[in-house]
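Below you'll find the structure, written out as structure tokens, and then a few comments.
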Amino acid sequence: MSKRKVKEAHLPIGECISEVQRVLRERFCHQQLPERLEGVDSQYKHLLELLRRTAVHGESNSVLIVGPRGAGKTTLLNCALRELLEEKEVKRNLLQVYLNGLLQTDDKIALKEITRQLSLENVVGDKVFGSFAENLAFLLEALKKGDRSSSRPVLFVLDEFDLFAHHRNQTLLYNLLDVSQSAQTPVAVVGLTCRLDVLELLEKRVKSRFSHRQIHLLSGMTFPQYLQRVQTQLRLPDGFPDARFSHEWNGSVQTLCEDKSVEEVLQRHFNSSKDFRSLHMLLMLSVSRVSTANPAIRPADLLEASRMCSADPKANILHGLSILELCLIIAMKHLNDIYDGEPFNLQMVHNEFKKFLQRKSHSIYNFEQPVIMKAFEHLQQLELIRPVDASAAKTQREYQLMRLMLDQSQIMEALQKYPQCPTDVKQWAMSAFG
């Protein structure tokens, strides 16, 4: 009897909501690798076989995984590595080095990172090397086993591979691919990129050392599958503490996904990006609106979350500007209209602002020159305006040429939403010319 009571007992609504948010946040933020990948079996087998040949048989390889953002390039690689590392021999021997083109912006930084990830800082010490190739050869030599007959296999993963092609002389790519071609050390170089034309960026000497193996991932997902994914992501697992609440929640999720307005929102997201990361952001914002008063996600919550996801960040910055800064932005807009997008300087903006002030017999917008200068500099810090070229730094500040980084629609939208915006400022912005 008591067991049945315990089984049927349900948690207070507040605790259920907290638990729901914890479970779903964990799911969206710490994305678990799927049990098995769908629709990419041939690509998976190809990659797994390549990595196995390096890790087990000591054969060097190079491969590029190409596909749009969110297509699952990193997931494919991680799933293949997960299966490979289940073998004890591989787990004990395989070394992994991860480089990212956005972080390792030149070869010197990349080499430091390789040394750090291979835990060879102490071995390198204060040694001075003549060239990059010499340094890399020394690092790989240091990885050789005690009998010096065989080396531990090394996997190099280059994320944003196309950005490494912009490094001076492509030294890093040349040396890594050169090692993968020679019989020195078993090395696998795996590049991840979004660019289909990535091979065109490589120099002739680099291209000749690349194996020209490419694995293409193209998202062939349909909207019904996408909708099913949304439902799966929002459903609560079977082991949820309160079974009755879990059943009601899962029912409400199904009803939500059948709602026409929700379908339209999701269709819009699907058309703009099939990336699951942007979908998880949308669902995260929707889940954060759930409370004891509203214990389920409503269509209105998803609509609001969609609005927040698609909000223009620059227009949002405009809402926090002072009236003076907003007036300077409007003056810049008028200068753009008059001079057809030509660059402007502070003096021109100030003159345009003075024209507006001269129309007012008693204006509250009379500011001193240093105050206007400070407001102008603040707009530059916010990156709403930027210098035309780097040499502008030598010019006197009032005469540095700038460009406005906003378009007319963004300015007008911000003015409509600006809290208590003076009417005369709105009218000035809407007038054809200042």
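The values are calculated or read from the model by the stated rules, or taken from the named source; none is laboratory data. Just so you know, these numbers come straight off a predicted model, no measurement behind them. Here the Cβ positions follow ideal geometry from the backbone for every residue, glycine too, while neighbour counts run over all protein chains shown. Just the protein is used for accessible areas: all its heavy atoms, side chains included, with ligands, DNA and RNA removed. Shrake-Rupley method; radii C 1.70, N 1.55, O 1.52, S 1.80 Å.
Values computed for the structure shown
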| read-out | value |
| --- | --- |
| Output for segment 303-356, where each listed residue is of a type in the set (G, A, S) and surrounded by fewer than 21 Cβ atoms within 10 Å (Cβ to Cβ) | S306, S310, A311, A315, G320, S322, G341 |
| Within segment 280-300, considering residues that are in contact with a Ser or Thr (Cβ under 8 Å, 6 or more places away or on another chain) and closer than 29 Å to L33 by Cβ, the one most open to solvent (accessible area, probe 1.4 Å) | I297 |
| Residue selected from segment 216-274 under the condition open to solvent by 60 Å² or more (accessible area, probe 1.4 Å) and assigned to a loop (DSSP other than H, G, I, E, B), by the criterion farthest from D41 (Cα to Cα) | P241 |
| Residue list for segment 299-333, filter: farther than 13 Å from F376 by Cβ and outside any helix (DSSP H, G or I) | S310, A311, D312, H319, G320 |
| Selection from segment 334-351 of residues that are among the β-branched types (V, I, T) and under 18 Å from H378 (Cα atoms) | V349 |
| Candidate set from segment 101-124 (those that are open to solvent by less than 40 Å² (accessible area, probe 1.4 Å) and closer than 19 Å to T171 by Cα); member that is nearest to the chain's Cα centre (by Cα) | G101 |
| Residues of segment 175-208 that turn out to be surrounded by fewer than 20 Cβ atoms within 10 Å (Cβ to Cβ) and either touching a helix residue (DSSP H, G or I) at 6+ places or on another chain (Cβ under 8 Å) or of a type in the set (K, R) (or both), as a count | 11 |
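Residues are listed down the side, and each one gets a yes or a no for (1) more than 28 Å from the chain's Cα centre (by Cα); (2) modelled with pLDDT of 90 or more; (3) outside the structural domain of F276 (by the TED database):
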{"site": "A9", "(1), (2), (3)": "yes, no, yes"}
{"site": "C16", "(1), (2), (3)": "yes, no, yes"}
{"site": "R22", "(1), (2), (3)": "no, no, yes"}
{"site": "E26", "(1), (2), (3)": "no, no, yes"}
{"site": "E35", "(1), (2), (3)": "no, no, yes"}
{"site": "L77", "(1), (2), (3)": "no, yes, yes"}
{"site": "V90", "(1), (2), (3)": "yes, no, yes"}
